[in-house]
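*Asks:* Submitted below is the structure of interest, expressed as structure tokens.
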Amino acid sequence: MTDTTWETVVGLEVHVELATKTKLFSPAPNRFGDEPNTNVSPVCLGLPGVLPVLNRKAVELAIKLGLALECTVQPSVFARKNYFYPDMTKNFQTSQYDRPICVDGRLELPDGTMVRIERAHLEEDAGKSTHVGGDAGRVTGADYSKIDYNRAGVPLLEIVSHPDMRSAEQARAYAEELRAILVATGTSDARLEEGSMRVDANVSVRPAGSTELRTRCEIKNVNSFRSLGRAIEYEARRHIALYERGEAPVQETRHWNEDDGRTHTLRTKEDSHDYRYFDEPDLVPLVPD
């Protein structure tokens, strides 16, 4: 984007599937490409009466990556993130909220920009929904949907940056550098084409020289570094066009459509209070030694 009167502000949330043999809280296999709904257990299906058992290897990999990103590794607590969607059978996701395992890291880009890492936290993945018919695989207008729970319960590490990137090029460089670290440390195979690395971009714009953080939109369905750059550039142009018409963006989650090169409204962006977080009563605090 070459408009010098506006500045793009980008922060990235990167979900990576950790390279464990089993899931985060159950002995079900963590394996990509198997027949749907074969790598499941009562725990990841959310059946009544089952209890989670934390995967030690997932914790070790989270700590390894945290150290590689110069994070502080701290005692942490799991929490229930409450929401209702068919791919989450328990109607809550076991995640971490106000006490994540890694905080205050950083990653230097090839151009010398230092991107601060706010946090990296452990959580379980959801199942995978496939929407058949309609518009480009989206739930809106689909004829029907299918759900594969093989992915439910797979260990994730969500790495959240501060909004320190100022262009699509910097965001792409950050994602590429992070992927290289993930692979080098053995934390994850980080294959975007298989979904073991997924990048969500939070994008806003502001007048050049301003320090104000304006309304942001989160972009999902970015499955390549090229798509990441294109999606950020499009979204920044969309925000600028709105402001120059005297309007303002709405905080929302948007879906990147590779075919038409545009983002589309997916849902209104939630805030943390919408999820009614509370400490997970079935897991003790996690204190690395």
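*Asks:* In this structure, does LEU107 turn out to be aliphatic (A, V, I, L, M), surrounded by 14 or more Cβ atoms within 10 Å (Cβ to Cβ) and under 20 Å from GLU13 (Cα atoms)?
*Replies:* Spelling it out, LEU107 is indeed aliphatic (A, V, I, L, M), surrounded by 14 or more Cβ atoms within 10 Å (Cβ to Cβ) and under 20 Å from GLU13 (Cα atoms).
*Asks:* Looking only at the range 74-89, which residues are surrounded by 19 or more Cβ atoms within 10 Å (Cβ to Cβ) and touching a Cys at 6+ places or on another chain (Cβ under 9 Å)?
*Replies:* SER76, the sole residue that qualifies.
*Asks:* Give the residue, chosen from TYR277, TYR234, TYR243, that is modelled with pLDDT of 95 or more, among the aromatic types (Phe, Trp, Tyr) and within 29 Å of SER76 (Cα to Cα).
*Replies:* The unique qualifying residue is TYR277.
*Asks:* When you scan the range 143-162, do you find a residue that is of a type outside the set (Lys, Arg), surrounded by fewer than 22 Cβ atoms within 10 Å (Cβ to Cβ), part of a loop (DSSP other than H, G, I, E, B) and in contact with a Gly (Cβ under 8 Å, 6 or more places away or on another chain), even just one?
*Replies:* Yes, the range 143-162 has at least one match.
*Asks:* Might you let me know whether the range 95-103 holds any residue that is polar (S, T, N, Q) and either over 19 Å from GLU17 (Cβ atoms) or surrounded by fewer than 19 Cβ atoms within 10 Å (Cβ to Cβ) (or both)?
*Replies:* Within the range 95-103 (the criterion being polar (S, T, N, Q) and either over 19 Å from GLU17 (Cβ atoms) or surrounded by fewer than 19 Cβ atoms within 10 Å (Cβ to Cβ) (or both)), the answer is no, since none of the residues qualifies.
*Asks:* crowded, with 19+ Cβ neighbours inside 10 Å and farther than 20 Å from VAL115 by Cα: which single residue out of SER204, SER224, SER196 fits that description?
*Replies:* The match here is SER196.
*Asks:* Test GLU17 against the criterion of being among the acidic types (Asp, Glu), crowded, with 18+ Cβ neighbours inside 10 Å and in contact (Cβ under 8 Å) with a residue 24 or more places away in the chain, and give yes or no.
*Replies:* The answer is yes for GLU17.
*Asks:* While we're here: For the range 110-140, name all the residues that are within 26 Å of LYS90 (Cα to Cα), of a type outside the set (D, E, K, R) and surrounded by fewer than 20 Cβ atoms within 10 Å (Cβ to Cβ).
*Replies:* SER129, THR130, HIS131, VAL132, GLY137, VAL139, THR140
*Asks:* I would also like to ask the following. Scan GLY105, GLY46, GLY66 and give me the residue that is of a type outside the set (Asp, Glu) and either out of contact with any strand residue (DSSP E or B) (no Cβ under 6 Å at 6 or more places or on another chain) or at positive phi (or both).
*Replies:* When all the criteria are applied, what remains is GLY46.
Residue by residue, here is whether (1) within 19 Å of the chain's Cα centre (by Cα); (2) not hydrophobic (A, V, I, L, M, F, W, C) holds:
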site	(1), (2)
PHE78	yes, no
ASN82	yes, yes
ARG106	yes, yes
ILE117	yes, no
SER129	yes, yes
THR140	no, yes
LYS146	no, yes
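*Asks:* What number of residues within the range 184-219 satisfy the criterion of being of a type in the set (Ser, Thr, Tyr), within 18 Å of ASP125 (Cβ to Cβ) and not in a loop (DSSP other than H, G, I, E, B)?
*Replies:* Going through the range 184-219 one residue at a time, the tally reaches 0.
*Asks:* Which residues, taken from the range 50-75, are under 19 Å from ILE117 (Cα atoms) and among the aliphatic types (A, V, I, L, M)?
*Replies:* Listed by number, the residues that qualify are VAL59, LEU61, ALA62, ILE63, LEU65, LEU67, ALA68, LEU69, VAL73.
*Asks:* Select from the range 243-260 the residues that are more than 27 Å from SER224 (Cα to Cα) and surrounded by 15 or more Cβ atoms within 10 Å (Cβ to Cβ) and list them in ascending order.
*Replies:* TYR243
*Asks:* While we're here: List every residue pair whose Cβ atoms sit under 7 Å apart, with the two residues 6 or more apart in sequence or on different chains, where the first one lies in the range 273-289 and is more than 16 Å from GLU123 (Cβ to Cβ) and the second, anywhere, is of a type in the set (A, V, I, L, M, F, W, C) and in a helix (DSSP H, G or I).
*Replies:* Final answer for the pair search is PRO288/ILE63.
The values are calculated or read from the model by the stated rules, or taken from the named source; none is laboratory data. Keep in mind the model is a prediction, meaning the values are calculated, not measured. Here the Cβ is made from the backbone with ideal geometry for all residues, glycine too, and neighbour counts use every protein chain on show.
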